[in-house]
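Q: Sharing a structure here in structure tokens format.
The values are calculated or read from the model by the stated rules, or taken from the named source; none is laboratory data. If you're wondering where the values come from, they're calculated on a predicted model, not measured in any experiment. Glycine gets a Cβ as well: all are built from the backbone with ideal geometry, and neighbour counts include every protein chain shown.
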Amino acid sequence: MNIRISLVISILFVLLVAYLTHLEEPEKELIISEAKLVIPFDTLEEMHSMSPLIVVAKKTSFKPVIQLDGLGHPIFDYTVSTLKIITVIKDETGKHLSPETDIRILETVASTRTKTYSTAGYMPMKVDHPYLLFLDYNLSEEGPLVGAYNIQGISVGKFPIEPDTGAITQLTPRESKHLTPYILHLHQDFAKSITKYDNLK
């Protein structure tokens with residue numbers, strides 16, 4: 001009996017320590033780099049037309065790439081994320097992409113243990129959560145982004161999907177808080193207009 005009581009106390013102690021450790025974990029410092037963005041579309045129809053690839057996909061893995069200068073300032077910072085396609089809505093890439101195919105995309109954000117570096121306020125996609133993505137080619141000729149894709153307008157072409165209903169949802173406050181007013185306005189306007197992509201489970 002004493003052994004069982006001691007075991008229960010030990011387990012409770014371990015859980016308490018884990019909980020307190022989680023509470024004390026400091027929030028990462030967010031460092032935002034401004035970007036001079038030229039978004040070449042004003043309507044959802046134009047973004048659709050300019051996107052060679054439109055898919056519903058989930059992020060399965062990611063690799064941050066960060067290079068700092070001697071003063072600790074970022075020279076470049078981004079994340080190469082691997083996505084698994086759920087549904088192909090438009091494919092003009094010539095690659096005949098299909099569900100269950102993996103693709104790589106550029107996310108303009110990267111994190112270390114204590115800091116998050118973001119371009120234009122972009123925040124990363126959640127792992128294993130479905131998104132509707134309007135994508136364009138990444139034109140890198142060397143490095144990890146060769147053959148990858150960019151999200152149109154950094155955040156404009158990224159739409160979370162409600163897993164249970166397939167409905168398009170707005171970006172969460174965390175995802176939208178640091179976006180420029182113009183990008184946020186475009187995204188919110190487009191999200192309200194997307195009706196033909198409803199039911200994308």
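Q: Looking at (1) surrounded by fewer than 19 Cβ atoms within 10 Å (Cβ to Cβ); (2) more than 19 Å from E46 (Cα to Cα); (3) under 18 Å from the mean Cα position of the chain (by Cα); (4) not acidic (D, E), which is the one condition that is false for A191?
A: Going through the list (1) surrounded by fewer than 19 Cβ atoms within 10 Å (Cβ to Cβ); (2) more than 19 Å from E46 (Cα to Cα); (3) under 18 Å from the mean Cα position of the chain (by Cα); (4) not acidic (D, E), A191 breaks only (2).
Q: Okay, moving on. From the list K95, K90, which one is more than 27 Å from I32 (Cα to Cα), among the basic types (K, R) and surrounded by fewer than 14 Cβ atoms within 10 Å (Cβ to Cβ)?
A: K95
Q: Can you find a residue that is over 11 Å from the mean Cα position of the chain (by Cα) and basic (K, R) anywhere in the stretch 81-93?
A: Quick first cut of the stretch 81-93, residues over 11 Å from the mean Cα position of the chain (by Cα) only: 84-93.
Right, trim to basic (K, R) and you get 84, 90.
Yes - at least one qualifying residue is present in the stretch 81-93.
Q: Picking from S155, S118, S176, which residue would you name as being at negative phi, among the small types (G, A, S) and surrounded by fewer than 18 Cβ atoms within 10 Å (Cβ to Cβ)? Let's see the steps before the verdict.
A: Details: S155 fails: surrounded by fewer than 18 Cβ atoms within 10 Å (Cβ to Cβ); S118 fails: surrounded by fewer than 18 Cβ atoms within 10 Å (Cβ to Cβ).
The match here is S176.
Q: Quick one: is L135 touching a Ser or Thr at 6+ places or on another chain (Cβ under 9 Å) and either farther than 24 Å from E34 by Cβ or assigned to a helix (DSSP H, G or I) (or both)? Before you say what the answer is, go through the steps one by one.
A: Details: touching a Ser or Thr at 6+ places or on another chain (Cβ under 9 Å): yes; either farther than 24 Å from E34 by Cβ or assigned to a helix (DSSP H, G or I) (or both): no.
So L135 does not fit the description; no.
Q: What number of residues within the stretch 21-55 are at pLDDT below 90 and among the aliphatic types (A, V, I, L, M)? Full working, then the answer.
A: Restricting attention to the stretch 21-55, the residues satisfying the condition of being at pLDDT below 90 are 21-40.
After this cut, where a residue has to be among the aliphatic types (A, V, I, L, M) as well, the list is 23, 30-32, 35, 37-39.
Residues that pass the stated criteria total 8.
Q: For the stretch 51-72, what are the residues that are over 13 Å from M125 (Cα atoms), of a type in the set (A, V, I, L, M) and in contact (Cβ under 8 Å) with a residue 24 or more places away in the chain?
A: Scanning the stretch 51-72 gives L53, I54, V55, V65, I66.
Q: I've got another one for you. For the stretch 51-78, what are the residues that are hydrophobic (A, V, I, L, M, F, W, C), more than 19 Å from the chain's Cα centre (by Cα) and over 16 Å from P144 (Cβ atoms)?
A: Taking the stretch 51-78 and keeping what is hydrophobic (A, V, I, L, M, F, W, C), we get 53-57, 62, 65-66, 68, 71, 75-76.
Subsequent filtering for residues that are more than 19 Å from the chain's Cα centre (by Cα) retains 68, 71, 75.
Of everything in the stretch 51-78, those that are hydrophobic (A, V, I, L, M, F, W, C), more than 19 Å from the chain's Cα centre (by Cα) and over 16 Å from P144 (Cβ atoms) turn out to be L68, L71.
Q: Another question, if that's okay. If I filter the stretch 106-164 down to residues being hydroxyl-bearing (S, T, Y) and within 10 Å of the chain's Cα centre (by Cα), which single residue comes out as farthest from L53 (Cα to Cα)? Can you show your working first?
A: To start, the set of residues in the stretch 106-164 that are hydroxyl-bearing (S, T, Y) comprises 108, 111-112, 114, 116-119, 122, 131, 137, 140, 149, 155.
From the residues that got through so far, the ones that are within 10 Å of the chain's Cα centre (by Cα) too are 108, 122, 131, 155.
Details: T108: 19, Y122: 20, Y131: 13, S155: 16 Å.
Here the residue is Y122.
Q: Testing K84 on (1) among the basic types (K, R); (2) surrounded by fewer than 16 Cβ atoms within 10 Å (Cβ to Cβ); (3) more than 18 Å from E175 (Cβ to Cβ), one condition comes back false. Which one is that?
A: (2)
Q: Is the stretch 194-201 home to any residue that is modelled with pLDDT of 90 or more and aromatic (F, W, Y)? If you could, list the steps in order and put the result at the bottom.
A: Restricting attention to the stretch 194-201, the residues satisfying the condition of being modelled with pLDDT of 90 or more are none.
Looking through the stretch 194-201, none of the residues is modelled with pLDDT of 90 or more and aromatic (F, W, Y).
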